[in-house]
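Remarks on the structure that follows.
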Amino acid sequence: MSGDLRDRVAIVTGGGRGIGRAIALGYARAGAEVLITAARNRDEAEAVADESRSLAGRVEAMQADVLAPDDIERLVERALTLKGRIDVLVNNAARGMRFVNERFMSEARPFWEADPDAWRMVMDTNTIGVFLVTRAVVPHMLAAGRGSIVNVTINEQTMVRRGFSPYGPSKAALEAMTEVWAQELEGTGVVINLLLPGGATATGMVPDDAPDRVELLSPEIVVPGAVHLALTNSSGQRIVGTEWPA
């Protein structure tokens, strides 16, 4: 990993575990001040903050739900107190298929058997949650004339994989949102891009008894690409961890 993020402030949603944790610690190693959120498990997020104490930057944890406007307001206000601006936003917080079907990796179920409330929770978190947080952060980036938004997504094959709705379709919607927002942000100094690991990853979303558990990627595979996207000046990038140069 290369890149200097000293004097940068980053928000990483869902930073208590998996990909969010890896990015938060990667940013702190590069010197950034990082604010992470956890909707449910504050202890996990606090553990990440503790891990960062020997690093060039630091991680601070907050309990915040990306669907709760009051939580988002507190998150943005806290980030602004660090250095008066927000340089990077990583939209990583997401709900996976386990909320719809605990055995989704081995027993695909048709959409008509899904619980509507679980379906709605996944779609809302993975799309509306991203919209709400980004909507709150972008005006501050526009005022500064710069900023980088990183939306964490998945392989295109997974988006349309049998038994993977609504998780797959929610990420397809996220990619469409990213492309639309890139057009709307053009010329502002604020850029928006996509980041994905490149395969099933050890994030906690995959059940322990999944048949291909041993083949899971390490969440750290996204870190070099995440640092690159924190520093980039251009939109339209879709960085795949397994394909990114070492």
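Of note:
- Using the rule -39500 (n - 2.57) for each DSSP H run of four or more residues, divided by the residues of the chain, the 222 nm mean residue ellipticity is -11500 deg cm²/dmol.
- Contour excess over end-to-end distance, with Cα ends at residue 108 and residue 68 and 0.36 nm allotted per residue: 11.3 nm
- Stokes-Einstein D for region 9-243, Kirkwood Rh over Cα pairs, 37 °C, 0.692 mPa s (µm²/s): 185
- What separates the Cα centres of region 22-78 and region 95-163 is a distance of 20 Å.
- Largest GNM mean-square fluctuation across 84, 198, 14, computed for the chain with C-alpha springs under 10 Å, falls on 84.
- Table column - 3J(HN,Hα) (Hz), region 99-113, Karplus curve with 6.51, -1.76, 1.60, x for Gly and Pro: 6, 9, 8, 4, 10, 5, 6, 10, 9, 5, 10, x, 4, 6, 9
- Region 34-64 residues near the modelled residue 144 label - backbone nitrogen below 14 Å, point 7 Å along Cα→Cβ: 34-35
- Once the chain from residue 85 to residue 161 is taken as fully extended at 0.36 nm per residue, the excess over their C-alpha distance is 23.4 nm.
- What you get for the chain, charging only the Cβ of Lys and Arg (+1) and of Asp and Glu (-1), is a dipole of about 320 debye around the Cα centre.
- Ranking of 239, 86 by neighbouring Cβ atoms within 10 Å, starting from the fewest: 239, 86.
- Cut-off under 5 Å, modelled amide H: who pairs with residue 12 long-range: 35, 36, 37, 90
- Restriction of the GluC sites (Glu not before Pro) in region 89-198 to DSSP coil positions whose beta-carbon has at most 15 other beta-carbons within 10 angstrom yields 102, 107, 186.
- Highest-MSF residue in the chain out of 165, 234, 106 [GNM, Cα springs under 10 Å]: 106
- A Förster distance of 25 Å, applied to the separation of the beta-carbon atoms of residue 215 and residue 51, puts the FRET efficiency at 0.45.
- With the simple model of a label 7 Å out from the Cα in the direction of the Cβ, residue 7 to residue 115 spans 5.0 nm.
Any read-out appearing in this document is the output of simple, stated calculations on the displayed coordinates, not a laboratory observation. Predicted model, so just to flag it, every value in this text is computed and none were measured. Every residue, glycine as well, gets a Cβ built from its backbone with ideal geometry; the counts of neighbours run over all protein chains shown.
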